[in-house]
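Asker: There's a structure below that I have some questions on.
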Amino acid sequence: MVPELPELPRLSELPDLAESSEPIVLSELDAEVRGAVAATRRKVAALHAELPRWGLVVWTAGNVSERVTLTRNGETVKTDLFVIKPSGVSYDELAADTMVVCTLDGNKIDDGTPASLTPSSDTAAHAYVYRHMDGVGGVVHTHSTYATAWAARREPIPCALTMMGDEFGAPSPSAPSHSSATTPLGAASWRPCPARSLRPCSWPTTAPSPSGAMPAPPSRPPSCARRSPAPFISPAPTARSR
Ligand SMILES: O=C(CO)[C@@H](O)[C@H](O)COP(=O)(O)O
């Protein structure tokens, strides 16, 4: 039995839901929440297309997620759901209706997608960030060749170019290695710098939205940290305003 969400937007605070072993079924949720999930799926699918488009990922590496929010009376209300891409699916095949819906524990809900579509292998890290950083609305994780090289060297990415200064204002630190399936990756991702390289091959950033966390456009120098193997964490995953 799913409680009415309009009065109780934070799923994890709902005792019935938190203590229930019943799966959350998207089609049984309030129409407002379903609408928000559908909109988030469309946005996250479109953002994934930006990663191969700008050479920020190869194969199925990398991922984007966004927290599902509602707008009520002009106010943004956070839910305890987020949308992320399925694991191991070609970027060419990603679409809004194959985006996976998860709780902030990183568990996939019954979102109408086939059981064969499992959430990205980095889902635990994204979930960790959403659980611990209320201001984060989106996470973008890229794998650019340049940032990957710095991460493999276990060195911070120097703030050496004008646009890097504009974006970060400081070197992007190198975080300790963690399995992508564990929450320490998430913990390593969100600490002070909005972007960092993760050994051996990742680089995360934070922002209020996924668009804000998206890598820089091609006008950015190729060595820019934002064009690297990394997660970006933002208030929402969309195109950064500049
Ligand atoms: O950095 C990593 C793994 O180390 C990730 O970017 C994965 O490569 C993402 O794979 P999916 O499970 O999302 O397809």
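Asker: Mind ordering 45-55, 143-153, 104-114 by average Cβ neighbours within 10 Å, highest first?
Answerer: Output ranking for 45-55, 143-153, 104-114: 143-153, 45-55, 104-114.
Asker: Given a Förster distance of 30 Å, report the FRET efficiency between Leu117 and Ala149 from their Cβ-Cβ distance, rounded to the nearest 0.05.
Answerer: 0.40
Asker: Just to check I understand the Karplus step: with θ = phi - 60° and J = 6.51 cos²θ - 1.76 cosθ + 1.60, what whole-Hz values come out for segment 76-88, glycine and proline as x?
Answerer: So the Karplus estimates, Gly and Pro as x, are 8, 10, 7, 9, 9, 10, 9, 10, 9, 7, x, 7, x Hz.
Asker: Could you give the length gained on full extension between Trp59 and Leu161, defined as 0.36 nm per residue of separation minus the Cα-Cα distance, in nm?
Answerer: Residue separation times 0.36 nm, minus the Cα-Cα distance, leaves 33.9 nm.
Asker: Separate question: Taking amide H positions as placed in the peptide plane 1.01 Å from N, state which residues far from Ile24 in sequence (5 or more) or on other chains have amide H under 5 Å from it.
Answerer: Excluding prolines and chain starts, which carry no amide H, the hits are Asp110.
Asker: Can I ask one more? Check cross-link reach from Lys108 to the lysines: straight Cα distance under 16 Å, and skip same-chain residues fewer than eight apart.
Answerer: List returned: Lys85.
Asker: Can you list the HN-Hα couplings for segment 32-44, worked out from phi with the Karplus curve (6.51, -1.76, 1.60; θ = phi - 60°), rounded to whole Hz and with x for Gly and Pro?
Answerer: For segment 32-44, the Karplus curve yields 5, 5, 4, x, 5, 5, 4, 5, 5, 4, 5, 5, 5 Hz.
Asker: Going by amide H atoms built from the backbone, whose H comes under 5 Å of the H on Leu81, apart from near neighbours?
Answerer: Sorted by chain and number, the residues that satisfy this are Val68.
Asker: With θ set to phi - 60° and the Karplus curve 6.51 cos²θ - 1.76 cosθ + 1.60, what are the ³J(HN,Hα) couplings of segment 114-130 in order, to the nearest whole Hz, using x for Gly and Pro?
Answerer: x, 4, 5, 8, 9, x, 2, 5, 9, 4, 4, 5, 4, 4, 4, 4, 5
No value in this document is a laboratory result; all are computed from the given coordinates. If you're wondering where the values come from, they're calculated on a predicted model, not measured in any experiment. Methodologically, a virtual Cβ is constructed for each residue, glycine included, from the backbone with ideal geometry; neighbour enumeration extends over all protein chains shown.
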